[in-house]
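Enquirer: There's a structure below that I have some questions on.
The values are calculated or read from the model by the stated rules, or taken from the named source; none is laboratory data. Given the structure is predicted, the values throughout are model-derived calculations rather than measurements. A quick note on method: Cβ atoms are made from the backbone with ideal geometry, for glycine too, and the neighbour counts reach across all protein chains shown. When the accessible area is computed, the model is the full protein with side chains, heavy atoms only, and any ligands, DNA or RNA have been set aside. Shrake-Rupley method; radii C 1.70, N 1.55, O 1.52, S 1.80 Å.
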Amino acid sequence: MSMNSFGHLFRVTTWGESHGPALGATVDGCPPGVTIDEAMLQHWLDRRKPGTSKYTTQRREADAVKILSGTFEGRTTGTPVQLMIENTDQRSKDYGDIMEKFRPGHADITYWQKYGIRDYRGGGRSSARETAARVAAGGLARAALAALAPKLEIRGYMTQIGPYKMDHDRFEDVQIDQNPFFCPDAQAAEDWAGYLDGLRKSGNSVGAVVEVVARNVPAGLGAPVYGKLDTDLAAAMMSINAVKGVEIGEGMNAATLTGEDNADEIFMGNDGQPVYSSNHAGGILGGISTGQDVVVRFAVKPTSSILKTRQTITKSGEAAEIITKGRHDPCVGIRAVPVGEAMMACVILDHILLQRGQIGGAVGETRGKIG
């Protein structure tokens, strides 16, 4: 199986399976001299790990990350950084009943069609457990960004669960870490709790929408045509397990706007830098960052493993019924928030390194008065 790597200069390769002994990431291209230790990475993993509330899978994993290479005396050396997270709470027996059956909505059938073999214990590489490795790599990317772009901030949150949306007029950043849904609207979080409780108890699941915003992004990241910043962001978010749609800025809603409404008018600010009347573009024009907030949203489908009887077929093609036992997220979109943040961090760092390689220190001369 190939294609387990992403990134250009900051390149991440994830490895491991949901029910294997461990999973992790090999990060190549991290700049040398970045201050990092396991505790710094663990902070981000603790936000994603299972069992943090009754609204996530009750699989008990510490998600304790180990740095195996690429650092010396607390700093990166510029060589590959190997990150490992051991699996300690596998219950593979939960999947014995589906050994011969394909779970509807899951990658079981396509893995079988492509490779002629599949890991039925939690889905192997198709399991959302793979995303723990991305969050570890994203923690390393954040540490590098703190050195290269210290003002840059990345924040993710849920904006919708099932049909229920948050109210942006009630947006409070401080609320994001005050509820189990990473929701900036306290009232919406309270409403979602009751709704998800009902679904959880009935053995069902639901999808969600996650928004990730990067603030204080330098202008000029990304390159024309095939090296666009939004191209790489869209690919990164779409690669997250269970994601079925990605938007940049206004996204699909841009189709409902007129050109007059959609255009972000430009003015010169007091500091000699351009300012914009709005941000329908999501901080990216022509694939290149404008200096505004970079705004990405993605839709996460409902968890496919549910305690509801579904129709399927066996590997031999016979009709069958299936119920997926085990410990599963009633809304996998909740734990997708720190994963989206990690992917944003990896992509932006990658493009900062690409920008530095192409433009170097001659930024002001190449951009004129608004450099």
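Enquirer: Using a simple charge model, +1 on the beta-carbon of Lys and Arg, -1 on the beta-carbon of Asp and Glu, nothing else, what dipole does segment 85-244 show about its Cα centre, in debye to the nearest 20?
Expert: In debye, rounded to 20, segment 85-244 gives about 640.
Enquirer: May I ask you to list the aspartates and glutamates whose Cα is less than 13 Å away from that of residue 308, ignoring any residue fewer than eight positions away on the same chain?
Expert: 321
Enquirer: Follow-up question, since we're still on this one. Round to a whole number: what % of the accessible area of the chain belongs to carbon and sulfur, probe 1.4 Å?
Expert: The value for the chain is 53 percent carbon and sulfur by accessible area.
Enquirer: Please say if segment 126-239 is rounded, prolate or oblate, where rounded means a/c under 1.5 for a ≥ b ≥ c the square roots of the C-alpha gyration tensor eigenvalues, and otherwise the choice is prolate for a/b larger than b/c and oblate otherwise?
Expert: Note, shape of segment 126-239 comes out prolate.
Enquirer: Also, quick follow-up: In degrees from 0 to 90, rounded to the nearest 10, what is the angle of the helix 336-359 Cα long axis to the longest principal axis of the chain?
Expert: Roughly 40 degrees between the two axes.
Enquirer: Is the C-alpha gyration tensor of segment 107-187 telling us rounded, prolate or oblate? Criteria: a/c under 1.5 is rounded; beyond that, a/b larger than b/c is prolate, otherwise oblate.
Expert: Verdict is oblate for segment 107-187.
Enquirer: Sticking with this one: Could you pull out the pairs from 49/228; 101/301; 66/228; 66/101 whose alpha carbons sit more than 26 Å apart here?
Expert: Pairs exceeding the cut-off: 49/228; 66/228; 66/101.
Enquirer: Chymotrypsin sites (Phe, Trp or Tyr not before Pro) within segment 220-301: which are DSSP loop residues with at most 12 other Cβ atoms inside 10 Å?
Expert: Counting only loop positions with at most 12 other Cβ atoms within 10 Å, the chymotrypsin sites (Phe, Trp or Tyr not before Pro) in segment 220-301 are 226.
Enquirer: What accessible area, in Å² to the nearest ten, does a 1.4 Å probe give for residue 151?
Expert: Estimated to the nearest 10 Å², residue 151 gives 150 Å².
Enquirer: Explain nothing, just compute: Karplus ³J(HN,Hα) = 6.51 cos²θ - 1.76 cosθ + 1.60, θ = phi - 60°, for every residue of segment 134-140 in order, whole Hz, x for Gly and Pro.
Expert: 5, 5, 4, 5, x, x, 5
Enquirer: How much accessible area per residue does segment 103-207 have, in Å², with a 1.4 Å probe?
Expert: Accessible area per residue: 44 Å².
Enquirer: Order of 304-311, 330-337 by packing, highest average Cβ count within 10 Å first?
Expert: 330-337, 304-311
Enquirer: Moving on to the next point. Residue by residue through segment 294-306, what is 3J(HN,Hα) from phi via Karplus (6.51 cos²θ - 1.76 cosθ + 1.60, θ = phi - 60°)? Round to whole Hz and write x for glycine and proline.
Expert: Karplus-based 3J(HN,Hα) across segment 294-306 equals 8, 10, 10, 10, 9, 9, 10, 6, x, 4, 6, 7, 10 Hz.
Enquirer: Another question, if that's okay. Is there a quick way to get the dipole size of the chain? I mean about its Cα centre, with the Cβ of Lys and Arg at +1 and of Asp and Glu at -1; what is the value in debye to the nearest 20?
Expert: 1320 debye
Enquirer: Count charges around residue 147 for me, please; just the other residues with Cβ under 14 Å from its Cβ, Lys/Arg as +1, Asp/Glu as -1.
Expert: My count for the surroundings of residue 147 gives +4.
Enquirer: Here's a follow-up. Among 224, 186, 174, whose Cα lies farthest out toward the positive end of the dipole of segment 167-228, if unit charges sit on the beta carbon of Lys, Arg (+1) and Asp, Glu (-1)?
Expert: Towards the positive end, the residue furthest out is 224.
Enquirer: Separate question: Quick one: which residues, 5+ away or cross-chain, put their amide H under 5 Å from the amide H of residue 217? H built at 1.01 Å from N.
Expert: Those lying under 5 Å, H to H, from residue 217 are 294.
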